[in-house]
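Since the structure comes first, as C-alpha cells, the remarks are kept for the end.
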Amino acid sequence: MRGEFLDIEGARIYYYAAGSRGAGEPVVLVHGFPTSGHLWTGVVPLIPEGHRVVVVDLLGYGRSDPPGTHPVDVRGHADRLVKVLDQLGINFACLVGHDVGGGIAQCVAVRNPHRVSRMCLINSVGFDAWPAREVKLARAMLPLTRHLPPSWILSVVRADLLRGYQDTDRGEHAVELYLRPFAGPGGRDTLVMHLTALESTETEAIALRLKDVVCPVSVLWGEPDPFLPVALGRKLCGAIPGATFETIPGAGHFVPEESPSQVAAAIARLLSR
C-alpha cells in the first residue's frame, strides 16, 4: 500500500491510510520502539468497515526522517502526532498504541482530550514501570557503545527484541525489517538517540491525570511479555475509569504481529462502546 509524507516542522513523517471515510471515527495506529507501521500489517485489513485507518511511522523509525534535532521522547512524539492529525484534517480519533506508542496515546489523551474519541493500549509503557532492565543497562553503556561498530549494537538489540516473540521465524523477519533504517550511515546515532529517549518522565508526569480520561479505553496485553509485565496492564486499567482489560495468552510482547485477529477484534469491541 502506497503512503505519503507529511512535513511536520521540517521533518518528513511517513503514513498510509486504509479503509473508508464512513460514519465511524478514524482509527490511528501508533507503534513503539524500535518498530514501524509494519507492526500493524495484519491488523489493518481486519478493522471494521466505515473507519478511516491511519498508520504512522514515528520520527526516526521506518520510512520517516531521522530525528535530527527534534525530540523523540514520549512528549515529543505525542506533540507531533497531534500535528499529523491536524494536517490530515482529523479532529478526533480512536488512538491505538503499542509499547511506547501506548505512552504517546496516553499523553495525547491527557493533554489533548478533545482529540481522542477512544483509546486502546496494547502492551503499553506506563507510570515508572519502564524501560526494561536491559534498556537501562544499554543506556548506562552509551558512552562506550557510541564508539563501537553499528553492527555490534544492532546485534545486541536484535537478540533482545527476539525475546519478545513467541514465533521465532516471524520475529527474525520482523526485527530485520525494523532495524534496517539503523544499519546505514548515521543509523547508530539515531538508534542511540532513541535509546536515550526511552525514559519514563512523561508517563510519570501524566500518571495522576489518567483518572481524568473520560473516553472509552481498552487495555490489551499479550503474555508472556519479557519487557512489560501483565501487572502493568492491570495497573493502567485500574487507573483509567471504565477501562476494560483482557489478555491474549501466548502472544508475547509484539501481539499485533502474532495475534492480529485478536487485536482487531478488541479494537472492534472498543469501537462499538
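Using Cβ point charges alone (K and R +1, D and E -1), the dipole size of region 200-273 about the Cα centre works out to roughly 360 debye. By the gyration tensor of its Cα atoms, with a ≥ b ≥ c the square roots of the eigenvalues, what is the shape of region 149-211: rounded for a/c under 1.5, prolate for a/b over b/c, or oblate? Here region 149-211 falls in the oblate category. Angle of helix 150-162 to the longest C-alpha principal axis of the chain, folded into 0 to 90 degrees and rounded to 10: 40°. Note on the chain: antiparallel DSSP beta bridges, both residues inside, total approximately 30 percent of the bridges counted. Spin-label pair ALA23-ASN91: with each label point 7 Å from Cα along the Cα-Cβ axis, the two points sit 1.7 nm from one another. Note on LYS235: aspartates and glutamates with a C-alpha under 19 Å away, same-chain residues under 8 apart excluded, are ASP99, ASP128, GLU199, GLU202, GLU204, ASP212, GLU223, ASP225, GLU246. Taking only the C-alpha atoms of the chain, the Rg (one decimal) and the largest Cα-Cα distance, Dmax (whole number), read 17.2, 53 Å. Build a GNM of the chain with springs between Cα atoms under 10 Å: which of VAL72, VAL192, VAL219 gets the top mean-square fluctuation? Highest fluctuation of the listed residues: VAL192. Only Lys, Arg, Asp and Glu carry charge here, each on its Cβ (+1 for the first two, -1 for the last two); on that basis the chain has a dipole of about 380 debye about its Cα centre.
Peptide packing: for 127-133, 11-17, 53-59, the average count of neighbouring Cβ atoms within 10 Å per residue gives the ranking 53-59, 11-17, 127-133, highest mean first.
How would you order 83-94, 260-271 from highest to lowest mean count of nearby Cβ atoms within 10 Å? Numbers along the way, then the final one.
Working: 83-94: 16.2, 260-271: 19.0.
The densest-packed peptide leads the list: 260-271, 83-94.
Among GLN106, TYR61, THR35, which residue has its Cα positioned farthest towards the positive end of the charge dipole of region 24-145, with +1 placed on the Cβ of Lys and Arg, -1 on the Cβ of Asp and Glu, and the dipole taken about the Cα centre? Comparing the listed Cα positions along the dipole, GLN106 ranks first. The phi torsions of region 34-46, fed into the Karplus equation with coefficients 6.51, -1.76 and 1.60 and a -60° offset, translate into couplings of x, 8, 7, x, 4, 3, 9, 3, x, 7, 3, x, 9 Hz, rounded to whole numbers, with Gly and Pro shown as x.
Near the amide H of SER124, within less than 5 Å, lie the amide hydrogens of ASP99, all on another chain or at least 5 residues away, with H placed in the peptide plane. Listed from fewest to most Cβ neighbours within 10 Å, the set HIS98, HIS114, HIS194, HIS253 follows the order HIS114, HIS194, HIS253, HIS98.
Using the Cβ-Cβ distance between ALA268 and VAL82 with R0 = 25 Å, the FRET efficiency computed as 1/(1 + (r/R0)^6) comes to roughly 0.50. On C-alpha positions alone, give me the angle between the axis of helix 74-87 and the longest principal axis of the chain, in degrees, nearest 10. Taking the Cα atoms of the chain, the angle to 74-87 is about 50 degrees. In the chain, the DSSP-assigned H stretches of four residues or longer account for a calculated mean residue ellipticity at 222 nm of -11000 deg cm²/dmol, using -39500 (n - 2.57) per stretch and the full residue count as denominator.
Taken together, the values in this text are just the output of simple stated rules run on the coordinates, not laboratory data. Small disclaimer: the values here were computed from a predicted structure and weren't measured. FYI the Cβ positions are ideal-geometry reconstructions off the backbone, even for glycines, and counts take in every protein chain you see.
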